[in-house]
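J.: To start, I am sharing the structure in question, which I have written as structure tokens.
The values are calculated or read from the model by the stated rules, or taken from the named source; none is laboratory data. Note that this is a predicted model, so its numbers are computed, not measured. Cβ sites come from the backbone with ideal geometry, for glycine too, and all protein chains shown count toward neighbours.
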Amino acid sequence: MFKKILVANRGEIAMRIIRACRELNIATAAIYSEADTAGIYVKKADEAYLVGPGPVKGFLDMEQIVSLAKRIGADAIHPGYGFLSENAQFAHLCRAYGITFIGPSPQAIHLMGNKVKARELAKEVGVPIVPGTDGGVTSVEDALAFARTVGYPVMIKASAGGGGRGLRVVQSDAELRESMEAAGREAEAAFGDGSLFIEKYIDRPHHIEFQILADQHGNIIHLGERDCSIQRRHQKLIEIAPSLILTPRLRAEMGEAAIAIARAVDYDNAGTVEFLLDQEGRYYFIEMNPRIQVEHTVTEQITAIDIVRNQISIAAGKPLDIRQEDVTLQGHAIQCRINAEDPRNNFRPCTGTVTAYLSPGGIGVRIDGAVYKDYTIPPYYDALLAKLTVRGRTWEEAVSRMHRSLEEYVLRGVKTTIPFMKAIMEEPDFRAGRFDTSYLDTHPELFNYDERTEPEDLVLAISAAIAAYEGL
């Protein structure tokens, strides 16, 4: 097993990796920018090193990070998600320096990181794909020809990356002409690759993804699925496991499809294979994420399998100690992303200082976060502050537990998604499991949530009283 792991990330995912390393008795080294000097993860790591320049470039400087790892005696690097986690060149550089990259091979990252190549591979192994262009589109004329063949609406998608960046849904020739250049610019800015492809738009699907684990000895399993249909601008807000609509037969079929795609690229480590499931129960492969996902928590809650711990073990060359028949899905889990955003103002990111903080607790409640009272939220990074995950024996219990936890959650000083999430937990269609990717568009009343908060001194008094009570 490794002696020291450099965590090439920040915030809550850095904390998650550090915790797994602590349980495995592995030393950790964090990297941070000047904007993150007060970050919890910086204090919790065994060592911490300032990288620069600026708040972001240091996290993207491959040579600096790998050289630092070599200098401090780290024998592995965990990239988390975002930043360099899907950069094949970074994985290759780690190998060149004799440092283990905790993730798949550079070849697998290269194949799966490009959506066009991933689609081609899925088609080769017999997994259904959404009708789309054969390869990237280089001209508006080619895009128009495809759209007229399959019919509108269609989606413009970035060949690289994810998170909804470089993605546009268009309804007409005029919209397609207008959106192509903008999507290319956004993709180039986000991923350094402005290439695009076009897909037929599937109306009101469920977004279903399968978590896989694969070792270096040819063993591949899946850990069931997550339903990530509650989205805004194609970015996930709430994730659920398992899906409420998959039958055991469909779960087995889609799980085997996910494994077939992973096996075709000789994949190892953790990964996520994503599908769209249409209203008739037909599924289509859309992409594979060759890294840990933000929403891995819900899978861990219903399987009791530590995905990050397995990532580290697999990277160290150990075989999986879990067989497919050992994986059982117990109960239901829900994750809410607690973002520093204003849902009523088009989810505008918010910055400021947290003036009061108390996280919820109790049976079946998990917090993955990096926020605390007096923490100043920097404007340079993703708006995610914490992930609130709950588990219940039934769907109804999970929803009511999440609602109670959101009521308990005290986070003052900035606007967050907490009251918006609470409104969703109260909404009848969500509680009945009637939702798909159009959910927020078809439920505009959710944005009329009650935003009132108690006076700050009362919040602080309540927080202190609860803390004192729980400490008894």
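J.: How many residues does segment 126-161 contain that are touching a residue at least 60 places away in the same chain (Cβ under 8 Å), of a type outside the set (A, V, I, L, M), touching a Phe, Trp or Tyr at 6+ places or on another chain (Cβ under 9 Å) and in a loop (DSSP other than H, G, I, E, B)?
T.: 6
J.: Sort out which residues of segment 350-363 are more than 15 Å from TYR409 (Cβ to Cβ) and either assigned to a loop (DSSP other than H, G, I, E, B) or not polar (S, T, N, Q) (or both), and write them in order of number.
T.: Here is the first cut: in segment 350-363, the ones more than 15 Å from TYR409 (Cβ to Cβ) are 350-353, 363.
Those that are more than 15 Å from TYR409 (Cβ to Cβ) and either assigned to a loop (DSSP other than H, G, I, E, B) or not polar (S, T, N, Q) (or both): CYS350, THR351, GLY352, ILE363.
J.: List pairs: first residue in segment 301-323 and over 24 Å from ALA74 (Cβ atoms) and in the same structural domain as GLY364 (by TED's automatic domain parsing), second residue surrounded by fewer than 22 Cβ atoms within 10 Å (Cβ to Cβ) and among the basic types (Lys, Arg) anywhere in the structure, Cβ distance under 7 angstrom, at least six positions apart or on different chains.
T.: Filtered contacts from segment 301-323: GLN301/ARG366.
J.: Evaluate segment 110-125: report whether one residue or more is assigned to a loop (DSSP other than H, G, I, E, B), within 22 Å of HIS234 (Cα to Cα) and not assigned by TED's automatic domain parsing to the domain that holds HIS234.
T.: Keep residues of segment 110-125 that are assigned to a loop (DSSP other than H, G, I, E, B), which gives 125.
After this cut, where a residue has to be within 22 Å of HIS234 (Cα to Cα) as well, the list is none.
No, segment 110-125 has no match at all.
J.: Being among the basic types (Lys, Arg) and not in a helix (DSSP H, G or I) is true for just one of ARG251, ARG309, ARG291, ARG263. Which residue is that? Write out each step before concluding.
T.: On the way: ARG251 fails: not in a helix (DSSP H, G or I); ARG309 fails: not in a helix (DSSP H, G or I); ARG263 fails: not in a helix (DSSP H, G or I).
Within the list ARG251, ARG309, ARG291, ARG263, the selection yields ARG291.
J.: Sticking with this one: Regarding THR247, is this residue within 27 Å of ILE424 (Cβ to Cβ), of a type in the set (Ser, Thr, Tyr) and touching a residue at least 24 places away in the same chain (Cβ under 8 Å)? Outline the logic, then answer.
T.: Working: within 27 Å of ILE424 (Cβ to Cβ): yes; of a type in the set (Ser, Thr, Tyr): yes; touching a residue at least 24 places away in the same chain (Cβ under 8 Å): no.
It is false that THR247 is within 27 Å of ILE424 (Cβ to Cβ), of a type in the set (Ser, Thr, Tyr) and touching a residue at least 24 places away in the same chain (Cβ under 8 Å).
Here's the yes/no breakdown for (1) farther than 30 Å from HIS110 by Cα; (2) of a type in the set (A, V, I, L, M, F, W, C):
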| site | (1), (2) |
| --- | --- |
| ILE292 | no, yes |
| LYS318 | no, no |
| ILE322 | no, yes |
| GLY331 | yes, no |
| ARG337 | no, no |
| PHE347 | yes, yes |
| CYS350 | yes, yes |
| ILE367 | yes, yes |
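J.: Within segment 266-288, track down each residue that is on the phi < 0 side of the Ramachandran plot and part of a loop (DSSP other than H, G, I, E, B).
T.: TYR267, ASP268, ASP278, GLN279, GLU280, ARG282
J.: Sort out which residues of segment 195-233 are modelled with pLDDT under 95, at negative phi and out of contact with any strand residue (DSSP E or B) (no Cβ under 8 Å at 6 or more places or on another chain), and write them in order of number.
T.: ASP203, ARG232
J.: Still on this model: Testing PHE197 on (1) closer than 29 Å to GLU396 by Cβ; (2) not in a loop (DSSP other than H, G, I, E, B), one condition comes back false. Which one is that?
T.: All conditions are met except number (1).
J.: Taking the residues in segment 115-132 that are in contact with a strand residue (DSSP E or B) (Cβ under 6 Å, 6 or more places away or on another chain), surrounded by fewer than 21 Cβ atoms within 10 Å (Cβ to Cβ) and of a type outside the set (A, V, I, L, M, F, W, C) as candidates, determine which candidate is modelled with the lowest pLDDT.
T.: PRO131
J.: Still on this structure: Just wondering, is there one or more residues in segment 34-43 that are in contact with a Phe, Trp or Tyr (Cβ under 8 Å, 6 or more places away or on another chain), without any contact (Cβ under 8 Å) to a residue 60 or more places away in the chain and either surrounded by fewer than 16 Cβ atoms within 10 Å (Cβ to Cβ) or farther than 22 Å from LYS387 by Cβ (or both)?
T.: no
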